[in-house]
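A.B. asks: Following this message is one structure expressed as structure tokens.
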Amino acid sequence: YNLYINKNYNEAIKIFEEALSIDENNADIYYNLALVYYQLSDNQNSLTNIEKALELEKDNINYLLLKTMILQQLNKNLEAYEIIQKAYEYDNKNPRVQKLYEQLKKYFENIRFWKEQKIKCVNQFFI
């Protein structure tokens, strides 16, 4: 954990992978590995590890939050919204959950608004 805090990410990866060779059913190790990869902008490895963590602890708010952020980085906003909705159902008082939930909700409301505006413009043009 200190390696992560000190931004010694490559060494942290080695340590976490060693830990997984000892205990492959430890969700926290997968989560920490996902965090390290996220810091390195290696979103695919980050996603792989957070999904393994969620297989072991599907209701963990921190895991759901990280998966949401990873999916956003991968421009998978619909999937991110589905994950943050699940987190919101579990803990709608958590400020980090609230912030991400509102952010993604607003994103999709804006998309819906602009689609409606586009339809109105098309309809006006052809009417």
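The values are calculated or read from the model by the stated rules, or taken from the named source; none is laboratory data. Since the structure is predicted, the reported quantities are computational estimates derived from the model, not experimental observations. We place every Cβ from the backbone using ideal geometry, glycine too, and count neighbours over all the protein chains shown. These area figures cover heavy atoms from the full protein model, side chains too; ligands, DNA and RNA do not enter into them. Shrake-Rupley method; radii C 1.70, N 1.55, O 1.52, S 1.80 Å.
A.B. asks: If I filter segment 72-93 down to residues being under 21 Å from S46 (Cβ atoms) and assigned to a loop (DSSP other than H, G, I, E, B), which single residue comes out as most open to solvent (accessible area, probe 1.4 Å)?
C.D. replies: Looking only at segment 72-93, we keep the residues that are under 21 Å from S46 (Cβ atoms), and these are 72-87.
Those left that are additionally assigned to a loop (DSSP other than H, G, I, E, B): 74-76.
Working: L74: 52, N75: 126, K76: 79 Å².
Once the filter is applied, the top-ranked residue is N75.
A.B. asks: State which residue pairs qualify: first residue under 13 Å from L54 (Cα atoms) and inside segment 14-34, second residue acidic (D, E) and open to solvent by 40 Å² or more (accessible area, probe 1.4 Å) in any location, beta carbons under 6 Å apart, and separation of 6 or more residues or different chains.
C.D. replies: Here the result reads A27/E57, each pair linking segment 14-34 to a residue that is acidic (D, E) and open to solvent by 40 Å² or more (accessible area, probe 1.4 Å).
A.B. asks: Take the residues in segment 24-45 that are outside any helix (DSSP H, G or I) and among the acidic types (D, E); name whichever of them is least open to solvent (accessible area, probe 1.4 Å).
C.D. replies: So, considering only residues that are outside any helix (DSSP H, G or I) and among the acidic types (D, E), the one least open to solvent (accessible area, probe 1.4 Å) is D42.
A.B. asks: Then there's this: I need a count of the residues in segment 97-106 that are surrounded by 14 or more Cβ atoms within 10 Å (Cβ to Cβ) and either among the small types (G, A, S) or farther than 11 Å from T68 by Cα (or both).
C.D. replies: The total comes to 3.
A.B. asks: If you don't mind, there's one more thing I want to ask. Please go through segment 59-71 and give me each residue that is at pLDDT 95 or above and open to solvent by 10 Å² or more (accessible area, probe 1.4 Å), ordered by number.
C.D. replies: Hits for segment 59-71 are N60, I61, N62, K67, M69.
A.B. asks: Go through (1) open to solvent by 30 Å² or more (accessible area, probe 1.4 Å); (2) in contact with a helix residue (DSSP H, G or I) (Cβ under 8 Å, 6 or more places away or on another chain); (3) in a helix (DSSP H, G or I) and name the single condition N10 misses.
C.D. replies: N10 satisfies all of (1) open to solvent by 30 Å² or more (accessible area, probe 1.4 Å); (2) in contact with a helix residue (DSSP H, G or I) (Cβ under 8 Å, 6 or more places away or on another chain); (3) in a helix (DSSP H, G or I) except (2).
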